[in-house]
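*Asks:* Below you will find the structure I want to go over with you.
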Amino acid sequence: MAASNPSVFLLTVNGHIEGANFPQYDNLYCKYCFVYGHDWAPTTGLEEGITQIASKSSQASHRLIWNFPLATTFKSTNPSGWPQLVVSVYGPDVFGNDVVRGYGATHIPFTPGQHTKTIPMFVPEPTWRLQKFTGWLTGRRPEYTDPKVVAQGEGREVTRVHSQGFVSVSFLIMTKDMKKMDYDTGPSGPANKPSATSGWSTEEQP
């Protein structure tokens, strides 16, 4: 009976933080973490990580290439609080200090299969000119104490921000036992029918 009536479903997130486009900056690295609701818990894999430093390549249209792997599995009892991926990009300023170059977040795709997402990035702006000048002089600029606030949004609406850059992420999403719990994440078809032995569902997306 327990096998036919699961109490949780599983969401497996595989993929890569492929790279970024920051026309004004070079020699950048990326930190990532997952943000999720109270009913969610990771079962395997890493919840956060940091890429290597990447430099622009003329062969890649001056893009920064990381190709940093993602591999995490979550369990939950309901879709509320569906996980989000938060990325923060850092690099040196003119004084050699590491400063934030962008924050961004995106929900993990809801449907099984392959997906690619481009995340717009932004940075908080000083609220007045003296702060901006002091920040430039000291090499310190406004940063969030906890980057996870980017995914939460509470109180962030009063923060002045400046858009700059994009981060590209590829996902391969698999789910298990969602339909058994009456949650439908996409159209049925041969490509996303669960395996008779594993129960995992994946669908190739164009």
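*Asks:* Among the numbered conditions (1) over 18 Å from the mean Cα position of the chain (by Cα); (2) open to solvent by 10 Å² or more (accessible area, probe 1.4 Å); (3) over 23 Å from T51 (Cβ atoms), tell me where S76 comes up short.
*Replies:* Status for S76: all satisfied but (2).
*Asks:* Considering only residues that are within 16 Å of the chain's Cα centre (by Cα), open to solvent by less than 60 Å² (accessible area, probe 1.4 Å) and over 18 Å from P69 (Cβ atoms), which ones fall in region 1-39?
*Replies:* V35, G37
The values are calculated or read from the model by the stated rules, or taken from the named source; none is laboratory data. The structure presented is a predicted model; accordingly, all values stated were derived computationally and were not measured. Positions of Cβ are generated from backbone atoms using ideal geometry, with glycine treated the same way; all protein chains shown enter the neighbour counts. The protein model used for the area step is the full one, side chains on, heavy atoms only, and it has no ligands, DNA or RNA in it. Shrake-Rupley method; radii C 1.70, N 1.55, O 1.52, S 1.80 Å.
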